[in-house]
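See structure below.
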Amino acid sequence: MPSPFPGMNPYLEHPDLWSEVHNRLVVALADSLAVPLRPCYYVAIEKRTYFSTPEESILVGIPDVSILSKITSSPQVSKLEATATLPFQKPLQVKVPMMEEVRESYLEIRELKTGAVITTIEVLSPKNKRAGEGREAYLRKRYQVLASYTHLVEIDLLRAGTPMPLVDLDTKTDYRILVSRSTERPVAQLYAFNLQQPIPVFPLPLRPGDAEPQIDLKLLLDGVYDRAGFDLRIDYSQPPQPPLSEAEQAWANTLLAPLLNQ
């Protein structure tokens, strides 16, 4: 069953779902480009790894987290406080907060003969748009790509958080797709759109003279939505997270009415 929204489905941005959406979309992108890029290029799925605090991971959904330890729970803290003034012979067993290893997937379009990275495709996660190591790690990678001969495609399908920096852009939209060709920098193409608009189709930049595949994110997201069974898992009677404005929620309720009345 396809998503009921004409563009991005705001319910997919929920922190409990976005990790799966992110991973499935990256794989769907890679699979959709595999055949059009033959025989000159291939798609590699890569991972960026960094460490973050447990508090950051609790507050925002992240694509791939390996939890080394959980933060001390409230009952344990209360027990420690309650007995701090009493004499005791044995030490209390407590847990200390540990850093978490975060792994974020992205794509690299590589030239078959040389292995050179021609284009990097990034799908932003909540950590990339929130102050902390996740954003800093991504910005370091972003600046490296922008200073190289590699094209950058940056896909932002999250309304929450701070968008990636651009020069002299006053327009604020819900979602953004940036296509930065190495041959045209600092000029780049920005596909900016809002919740009620369709997701623009955009080209994948390659070597000059090579045919560039068109990326239809809406088609890919609908495939992810169907294969993951999100139509069965999402409770459309509840507002999405992050919440919509009153006007946007009214518009969404109109689209969702046939589903809710079944």
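The values are calculated or read from the model by the stated rules, or taken from the named source; none is laboratory data. If you're wondering where the values come from, they're calculated on a predicted model, not measured in any experiment. When we count neighbours, we look across all protein chains shown, and the Cβ atoms used for this are built from the backbone with ideal geometry, even at glycine. To get the accessible areas, we keep the full protein, side chains included, count just its heavy atoms, and leave off ligands, DNA and RNA. Shrake-Rupley method; radii C 1.70, N 1.55, O 1.52, S 1.80 Å.
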Accessible-area composition of region 163-262, carbon plus sulfur, in percent [1.4 Å probe]: 53 percent
Taking Ser237, Ser105, Ser32 and ranking on accessible area (1.4 Å, protein atoms only), highest first, one gets Ser237, Ser32, Ser105
Roughly how far apart, in whole Å, are the Cα centres of region 211-226 and region 4-37? 8 Å
Is region 132-204 best put as rounded, prolate or oblate by its Cα gyration tensor, with a ≥ b ≥ c the root eigenvalues, rounded for a/c under 1.5, and otherwise prolate when a/b is larger than b/c, oblate when not? oblate
Output row, site Leu255, 7 Å Cα→C-beta label point, backbone N cut-off 16 Å, window region 208-235, residues 217-226, 230-232, 234-235
Using a cut-off of under 19 Å, list every residue of region 19-39 whose amide N is near the label point 7 Å from the Cα of Ser182 along the Cα-to-beta-carbon line. 37-38
Do you know the relative contact order of region 177-262, to the nearest whole percent, from alpha carbon pairs under 8 angstrom that are 6+ apart? 15 percent
What is region 145-262 by shape, rounded, prolate or oblate, if you read a ≥ b ≥ c off the alpha carbon gyration tensor as root eigenvalues and call it rounded for a/c under 1.5, prolate for a/b larger than b/c, and oblate otherwise? prolate
